[in-house]
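Each remark here refers to the structure printed beneath this line.
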Amino acid sequence: MSSTSTPARTRVYRSHHIDSTLWDGFVARPGDIIISTPAKTGTTWMQRIVSLLVFQTPRPTDTLNQLSPWIDAAFIAKVIDTRAVAEAQRHRRFLKSHLPLDALPWFPDARYVVVGRDGRDVFMSLWNHYRSYTPEAYALFDSVEASAHDPCPRCPDDVHEFWRWWIGRGAFPWEQDGYPFGSYFHHLRSFWEFRRLPNLLLVHYNDLKRDLGGEMRRIAAFLDIAVPEATWPTLVDTAGFEAMKQDGEMLLPELALIFQGGSQTFLNQGTNERWRDVLTAEELAQYEAVVTRTLTPDLARWVERGREGGEPRDG
């Protein structure tokens with residue numbers, strides 16, 4: 001893929017969770033920040049980091065979902081007009097998406113931030129997420145138009161059954177994995193092809209854990225945000241996972257409707273490699289087979305190791 005190629009919307013994603021048509025006609029502003037991630041790679045963490053960089057204060061003026069609306073959330077659109085929320089904002093906007101790049105509008109004057117994580121860690125986090133849905137959450141998913149022919153299935157009781165869904169069944173006709181939420185591998189691959197574009201930045205969960213301050217400076221430089229040197233320690237401390245979890249009720253009060261335990265369940269542990277005590281040797285072999293089949297070697301290294309596996313733009 002040429003570094004001068006321009007991404008284009010070629011697919012429509014509509015499900016019990018997402019609706020890519022909600023971006024139709026969206027009017028971007030120069031400097032808009034679009035955080036587009038596969039689920040459970042560190043989306044909320046990145047939203048919190050960007051909010052700290054934009055406002056440069058640990059005390060938010062509103063909830064994170066109001067400050068950073070999720071435009072393509074089909075179920076949220078049943079309750080709140082997230083586009084209207086975005087249009088009313090006067091601060092520099094940072095918008096959330098869970099769409100791959102083949103369904104997301106490309107705005108040359110916007111900045112795109114993508115977060116990756118080892119797929120096995122994504123699966124474990126998604127398992128915690130899925131099995132914590134409340135009856136109210138399922139009712140909301142079931143109210144989405146797409147659910148009339150493809151409702152959100154209830155979470156299985158067995159993690160290994162969910163693994164069989166996630167690793168071996170597509171949520172959309174062009175996918176072979178990721179059921180019922182969408183392919184993690186396809187999402188990252190769609191952005192990786194365009195990783196050399198100057199307004200696209202890939203950030204890895206491992207790197208945020210390994211060097212949060214350094215990664216925040218890299219993100220700030222990409223977003224052209226100047227931060228006074230004396231302000232950095234407070235911002236970095238506030239962006240830590242434990243600090244974010246402590247602030248969970250303030251940042252994410254709406255999650256009490258969606259998850260049993262609210263924000264404290266949603267912001268679970270923030271740790272990696274829990275899969276080692278859960279997935280079998282056969283399941284790990286299945287994972288490696290999917291990685292080999294769907295990811296290029298340089299993307300596979302980055303997915304597993306972050307920047308220790310090589311700088312994305314150099315691959």
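Is it the case that L67 is hydrophobic (A, V, I, L, M, F, W, C) and touching a Pro at 6+ places or on another chain (Cβ under 8 Å)?
Working: hydrophobic (A, V, I, L, M, F, W, C): yes; touching a Pro at 6+ places or on another chain (Cβ under 8 Å): yes.
Yes: the conditions hold for L67.
Of the conditions (1) more than 13 Å from the chain's Cα centre (by Cα); (2) modelled with pLDDT under 95; (3) of a type outside the set (D, E), R93 fails just one. Which one is it?
Here R93 meets the rest and fails (2).
Anything in segment 72-89 that is of a type in the set (D, E) and in contact (Cβ under 8 Å) with a residue 40 or more places away in the chain? List them, or say none. Show your work before the answer.
Here is the first cut: in segment 72-89, the residues of a type in the set (D, E) are 72, 81, 87.
Within segment 72-89, D72, E87 qualify.
What are the residues in segment 176-204 that are within 19 Å of G309 (Cβ to Cβ) and either surrounded by fewer than 19 Cβ atoms within 10 Å (Cβ to Cβ) or touching a Ser or Thr at 6+ places or on another chain (Cβ under 6 Å) (or both), if any?
F185, R189, E193, R196 - these are the residues of segment 176-204 that are within 19 Å of G309 (Cβ to Cβ) and either surrounded by fewer than 19 Cβ atoms within 10 Å (Cβ to Cβ) or touching a Ser or Thr at 6+ places or on another chain (Cβ under 6 Å) (or both).
Out of the helices (runs of 4 or more DSSP H) lying entirely within segment 7-94, which hold 1 or more residues that are of a type in the set (S, T, Y) and within 29 Å of P173 (Cβ to Cβ)? Can you show your working first?
Values: elements: 43-55, 64-67, 82-88.
Fully inside segment 7-94 and qualifying: 43-55, 82-88.
Conditions (1) assigned to a loop (DSSP other than H, G, I, E, B); (2) over 30 Å from S147 (Cα atoms); (3) over 18 Å from the mean Cα position of the chain (by Cα), marked per residue:
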| residue | (1), (2), (3) |
| --- | --- |
| H160 | no, no, yes |
| I167 | no, no, yes |
| H187 | no, no, no |
| S190 | no, no, no |
| L201 | no, yes, no |
| N206 | no, yes, no |
| I225 | yes, yes, yes |
| A230 | no, yes, yes |
| K245 | no, yes, no |
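Just to be sure, is Q66 farther than 24 Å from T134 by Cα and either exposed (fewer than 14 other Cβ atoms within 10 Å of the Cβ) or not hydrophobic (A, V, I, L, M, F, W, C) (or both)?
Criteria not met by Q66.
If a residue has to be in contact (Cβ under 8 Å) with a residue 12 or more places away in the chain and within 15 Å of F181 (Cα to Cα) to count, how many in segment 133-167 make the cut?
Matching residues across segment 133-167 total 19.
Can you name every residue in segment 120-150 that is in a loop (DSSP other than H, G, I, E, B) and either under 22 Å from the mean Cα position of the chain (by Cα) or on the phi > 0 side of the Ramachandran plot (or both)?
Going residue by residue through segment 120-150, those that are in a loop (DSSP other than H, G, I, E, B) are 131-132, 134, 143-144, 149-150.
The answer is R131, S132, T134, V144.
The values are calculated or read from the model by the stated rules, or taken from the named source; none is laboratory data. From a predicted model like this one, the values you see are computed outputs, not experimental measurements. No Cβ is skipped: glycine too gets one built from the backbone with ideal geometry, and neighbour counts run over all protein chains shown.
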